[in-house]
Amino acid sequence: MQPSNRSSRILLPAKGWFIYLSLFVALGLEYIPTGRTPGVPDWVALVLAFWCIREPLRIGMGTGFVFGVLVDIGLGAALGQHALAYVVLAYLVNGLARRLMWFPPLEQALHVLPMLLVSQVLMVAVRMIAGAEFPGWLYFLSSFTSLLLWVPLTYLLLLPQYQPVDRDDNRPI
């Protein structure tokens, strides 16, 4: 028999309040003024993509739109640029959610990377249509930073869902 590197622990269902708390924490991280520092991840897009994979029936395009408008308002961006990008990101990720659940977190990150890049291309396109200049190629570095953060973020966001390892003989489950 082959040893498996997968965990045999059972995950509890995700609590709705925890999902939205993590999205609001990501929104707070997004509001931190970093200027034009390259490589700063789009926290809301990252957490939104994670929950669209894990909870595709709860988190989707509507959540992406609401949080996109909140990011647009908070950052003073062109109204709708993040909303459009997050709706498209949620659509793409929800479409592949069942397939992505079969992969370990590192391979999930490699699958999510092109979708994060598509959302960034949409944001740049909306800005350029509105008359802004091209931000430069370093702007897209944040998607690769998100790739590096995917695995630790996965374990951090799944921590509340782990069942205890020790078994209670008085409970049937």
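Just so you know, all these numbers are worked out from the coordinates, no wet-lab data involved. On a predicted model such as this, the values are computed, not experimentally measured, just so you know. FYI the Cβ positions are ideal-geometry reconstructions off the backbone, even for glycines, and counts take in every protein chain you see.
A few comments on the model shown:
- Residues in segment 66-100 reached by a label modelled at Y20 [backbone nitrogen below 18 Å; 7 Å Cα→Cβ]: 66-71
- Nearest-20 debye value, the chain charge dipole, Cβ charges on Lys, Arg, Asp, Glu: 320 debye
- Considering only S142, Y86, V69, the residue lying farthest towards the positive end of the dipole of the chain is Y86, judged by Cα position with unit charges set on Cβ.
- Checking every one of the chymotrypsin sites (Phe, Trp or Tyr not before Pro) in segment 46-146 against DSSP loop status and a limit of 16 other Cβ atoms within 10 Å picks out W102.
- Size descriptors for the chain (Cα atoms only): Rg and Dmax, in that order, 17.6, 67 Å.
- Under the span-like rule (Cα at least 18 Å along the axis, Kyte-Doolittle mean at least 0.0), DSSP H helices of the chain: 16-30, 61-75, 81-100, 105-129, 141-158
- Point-to-point label distance, L29-L148, nm (Cα→Cβ direction, 7 Å offset): 1.4 nm
- Selection of trypsin sites (Lys or Arg not before Pro), segment 58-115, meeting DSSP coil and at most 14 other Cβ within 10 Å: R58
- Close amide H partners of Y162, meaning residues 5 or more places away or on another chain with modelled amide H under 5 Å apart, are L12.
- Residue with peak Gaussian network fluctuation, the chain [Cα springs, cutoff 10 Å], from M115, M61, M128: M128
- Centroid-to-centroid, using Cα positions, segment 6-57 and segment 73-150 are 13 Å apart.
- Among L156, V118, F103 the positive-end extreme of the charge dipole of the chain (Cβ point charges): F103
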